[in-house]
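**Q** Input: one structure, supplied below.
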Amino acid sequence: MKKFFHEFKEFAMRGNVMDLAVGVIVGGAFSAITTSLINDILMPLIGIFVSETSFANLTITVGSAVITYGNFIQAVINFLIMAFVVFCMVKGINRLSRKKEEAPPPPPAKEPSAEEKLLAEIRDLLKEQRK
């Protein structure tokens, strides 16, 4: 039993699991912001054209069943906005990581050895003699 808890502790403390947990928490908070943006800002503006302040009021009654297709439309709008924002964030992160991945500048040329310096001097002297 002790080994089981030890393995679980190792699993839970991995970086990926902790990053995922942070992502879920931030995503939940972001979802609340997006829902407020849609319900409190966008829907009243769209309501001007649809003559409804909320899509949640759009329903169809079929027999005794009430189909609230407005809720579905609102959920689709929420998803599209969330997907767009996540796309923009990923695009920005990718742009930043591409800058980091660019090839580093080549290392400076190393100082020639004494032998190479001597050979270069001999070469230069031979060139001068030919002139």
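The values are calculated or read from the model by the stated rules, or taken from the named source; none is laboratory data. Because the structure is a prediction, the values reported are computed rather than measured. Note that each Cβ is placed from the backbone with ideal geometry, even for glycine, and that neighbours are counted across all protein chains shown. With ligands, DNA and RNA removed, areas are computed over all heavy atoms of the protein, side chains included. Shrake-Rupley method; radii C 1.70, N 1.55, O 1.52, S 1.80 Å.
**Q** Probe radius 1.4 Å, ligands and nucleic acids ignored: give me the carbon and sulfur share of the accessible area of the chain as a rounded percent. Could the numbers behind the result be given before it?
**A** On the way: 7750 of 11430 Å².
The C+S portion of the solvent-accessible surface of the chain is 68 percent.
**Q** If you don't mind, there's one more thing I want to ask. Kindly provide the helix-only [θ] at 222 nm of the chain, computed as the sum of -39,500 (n - 2.57) over DSSP H runs of four or more divided by all residues, to the nearest 500 deg cm²/dmol? Please list the in-between numbers first.
**A** Values: 5 runs with 91 residues, N = 131.
After summing the helix terms and dividing by residue count, I get -23500 deg cm²/dmol.
**Q** For the chain, build the convex hull from the C-alpha positions and give me its volume per residue in Å³.
**A** Value for the chain: 314 Å³ per residue.
**Q** How about segment 73-125: which trypsin sites (Lys or Arg not before Pro) there lie in a loop by DSSP and see at most 12 other Cβ atoms within 10 Å? Please list the in-between numbers first.
**A** Working: sites: Lys91, Arg95, Arg98, Lys99, Lys100, Lys110, Lys117, Arg123; in loops: Lys110.
In loop regions of segment 73-125 (DSSP not H, G, I, E or B), the sparsely surrounded trypsin sites (Lys or Arg not before Pro) are Lys110.
**Q** How much FRET efficiency would the formula 1/(1 + (r/R0)^6) give for Phe30 and Ala65, where r is the Cβ-Cβ distance and R0 is 30 Å, rounded to 0.05? Numbers along the way, then the final one.
**A** Working: r = 34 Å, r/R0 = 1.13.
Approximately 0.35, to the nearest 0.05.
**Q** How much area per residue is accessible in the chain when the probe is 1.4 Å and only protein heavy atoms are counted (Å²)?
**A** On the way: 11430 Å² over 131 residues.
I get 87 Å² per residue for this part.
**Q** Also: How many lysine pairs are close in the chain, with Cα atoms under 29 Å apart and the two 8 or more places apart or on different chains? Don't jump to the answer; show the numbers that get you there.
**A** Working: Lys91/Lys99; Lys91/Lys100; Lys99/Lys110; Lys100/Lys110; Lys110/Lys127; Lys117/Lys127; Lys117/Lys131.
Value for the chain: 7.
**Q** For the chain, what's the relative contact order in percent, using C-alpha pairs closer than 8 Å and at least 6 residues apart? Walk me through the numbers before you get to the answer.
**A** Values: 47 pairs, mean separation 15.9, N = 131.
This gives 12 percent for the chain.
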